[in-house]
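The values are calculated or read from the model by the stated rules, or taken from the named source; none is laboratory data. All of these numbers come straight from a predicted model, not from anything done at the bench. Reconstructed Cβ throughout: ideal geometry from the backbone, glycine too, with neighbour counts over all protein chains shown. Keep in mind that these areas ignore ligands, DNA and RNA; they rest on the heavy atoms of the full protein, side chains included. Shrake-Rupley method; radii C 1.70, N 1.55, O 1.52, S 1.80 Å.
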Amino acid sequence: MAETKLKNPTEAILIGGSTGSIEVLLRVLPALPTPLSFALIIVLHRKNTADSTLATLLSLKTESPFREVDDKDPIRPGTIYLAPADYHLLIEQDKSFSLDDSEKVNYSRPSIDVTFESAADVYGSSLIGILLSGANADGTKGMQAIQKTGGLLVAQHPDTALVGFMPQQAIANTTTDYVLDIDGLIAFLKSVNTAQQTAASAF
Amino acid sequence: MIEEEEIDLLLTDLFEVYGYDFTHYSRASLKRRINRLWLLDKFPSFAELRFRVRSDTDYLKRFVEEVTVNVTEMFRDPQFYRVLRTEVLPTLAAKPFIRIWHAGCSTGEEVFSMAILLTEANLIHKSLLYATDLNPEVLETARSGIFAMAPMKQYSENYILSGGKNDFSAYYTAQYGHVKFNSSLSEKMVFSTHNLVSDQSFNEFDLILCRNVLIYFDKVLQQRVLTLFDDSLGPLGYLALGAKETLKFSTLQSTYRQVSGEKIWRKQS
């Protein structure tokens, strides 16, 4: 399914989420194959403390290299990155991260919009944006930015989300390519990965 | 939305007309800040934004203040301050004189936090806190010692988590939604403009704090500024960075040793 809409090989996949999204990731991450052919960048609304409990929790659910981003970390395919608490996560043209502790956006830092907009600027049509459960409209502007630069948009099916508001907002305001439940999301991510490996091995 | 080439034009203007060099700032963040200001100030076109910046020195002040980030708080990352209390200040206590530099101090919340630590360690009388920033406007706020009342509850919680044992509100007097910190804290502070991009070392310090400033610079400028700090630190001096900043991309890494897992490094010679 996914391959038909993918215009370019996927370099990066962004996942944004708020209330109810950690539970989704705890199911999705263990189901992903390794190595991943893309960088997976996760931006979650979280408490603004510097403790690494969330990073530890998620890292235990995957075989892939996992890191909470430090300033200027290079973005490598196959690695899963988590936006640190209390910073906006931005992406530079040379495909490295930079951090920003400016004002909250949509009451949030990290803000999903900020990372998605910045990534759209750098990755264009080789980007996929995924929005999960949440009670905040953060992420919709970011999805619009990805749409504008030719990337692919995926939203968790609001009925399967603990709080459907966040994906609902994106669906209402963008041309979301796929609306998926958790199993659908897992299948989608696998297909994106396999599609590329097949393409690569064909040469 | 501003185009890359337009950012280049604007940066060239800022340097040629005013001597401000933003060319080695992190591009993604800078672009976002300029777009934000463009929207806030409702410029109909890039040409008009550019003209305003070039020709209106009052607007330039606003531009620099808004494009640079001036978000700060007291006792941010309480664990960091706890390590300053328990591991850093005790090693400085024997010195006849303690010089501290807050580089990029913004509105000064961190400088006042440090003055409270020094007071509680009985070291404030022999300390000098140099607080510098690129923006004259934010330094005015810092110098006044007057801050909004609203975040004090959070700061008080941070203070307690950092190991503070006193009543935090005893350090200030409150009126009309603002607080003024006691002058005993600000007596040893010296405020001055200093641009990390273009200005040189101006003293030798025992501790330099530069937290969440380097994230706005690219790696080239980060290395230059870290070298400036290295030149400004005495033997066995300390350098403190923000929670997600690191020496790992810099040449300083081999001659500095990290303290207790916090973003504090001690010069080894």
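Worth a mention:
- Given in Å, the Rg to one decimal and the Dmax to the nearest whole number for the Cα atoms of the stretch A:45-203 are 15.6, 48.
- Threshold 50 Å², the stretch B:16-35 residues less accessible with all protein chains present than alone (1.4 Å probe): B:ALA28, B:ARG32
- For chain B, the share of alpha carbon pairs falling in successive 5 Å distance bins from zero is 1, 5, 12, 16, 17, 15, 12, 10, 6, 3, 1, 0, 0 percent.
- Based on protein heavy atoms only, the stretch A:106-148 ends up with 28 Å² per residue of surface accessible to a 1.4 Å probe.
- Computed over chain B with a Gaussian network model linking Cα atoms closer than 10 Å, the most mobile of B:LEU40, B:LEU129, B:LEU117 is B:LEU40.
- Rg and Dmax, both from the Cα atoms of the protein assembly as shown and both in Å, are 23.5, 73.
- Accessible surface of the stretch B:36-155 [probe 1.4 Å, protein heavy atoms]: carbon and sulfur percent: 55
- Inverse mean reciprocal Cα-Cα distance (Kirkwood Rh) of the stretch A:109-203, Å: 13.6
- The Cβ shell under 14 Å around B:LYS219 holds other residues with a net charge of -2, Lys and Arg each +1, Asp and Glu each -1.
- At 1.306 mPa s and 10 °C, Stokes D of the stretch B:56-115 from Kirkwood alpha-carbon radius, µm² per second: 114
- Net charge over other residues, Cβ less than 12 angstrom from the Cβ of B:VAL53 (K, R count +1; D, E count -1): -3
- Each other residue within a Cβ distance under 15 Å of A:ALA161 adds +1 if Lys or Arg and -1 if Asp or Glu, for a net charge of -4.
- Taking chymotrypsin sites (Phe, Trp or Tyr not before Pro) across the stretch A:1-110, the ones in a DSSP loop with at most 15 further Cβ atoms lying within 10 angstrom of their Cβ are A:TYR107.
- Taking every protein chain into account, the accessible area of the stretch B:4-67 amounts to 50 square angstrom per residue (probe 1.4 Å).
- Taking every full run of DSSP H in chain A, the ones that stretch at least 27 Å from end to end by Cα along their long axis and average -0.5 or higher on the Kyte-Doolittle scale are A:182-201.
- In chain A, the portion of solvent-accessible area held by carbon and sulfur atoms comes to 54 percent [1.4 Å probe, whole percent, DNA, RNA and ligands not counted].
- Among B:PHE75, B:PHE22, B:PHE51, residue whose mean-square fluctuation peaks in a GNM of chain B (springs only between Cα atoms under 10 Å): B:PHE51
- Contact residues in the stretch B:202-238 by the 10 Å² criterion (accessible area, 1.4 Å probe, full protein complex versus chain alone): B:ASN212, B:ILE215, B:TYR216, B:LYS219, B:GLN222.
- Listing of the stretch B:69-110 residues, each with accessible area lower by at least 10 Å² in the full protein assembly than in the chain alone (probe 1.4 Å): B:VAL69, B:VAL71, B:GLU73, B:ARG76, B:ASP77
- Computed over chain A with a Gaussian network model linking Cα atoms closer than 10 Å, the most mobile of A:SER191, A:SER118, A:SER52 is A:SER52.
- For the chain pair A and B, buried accessible area totals roughly 2100 Å², probe 1.4 Å, rounded to the nearest 100.
- Nonlocal amide H pairs with B:LEU209, under 5 Å, H built at 1.01 Å: B:TRP101, B:HIS102, B:ALA103, B:ALA240
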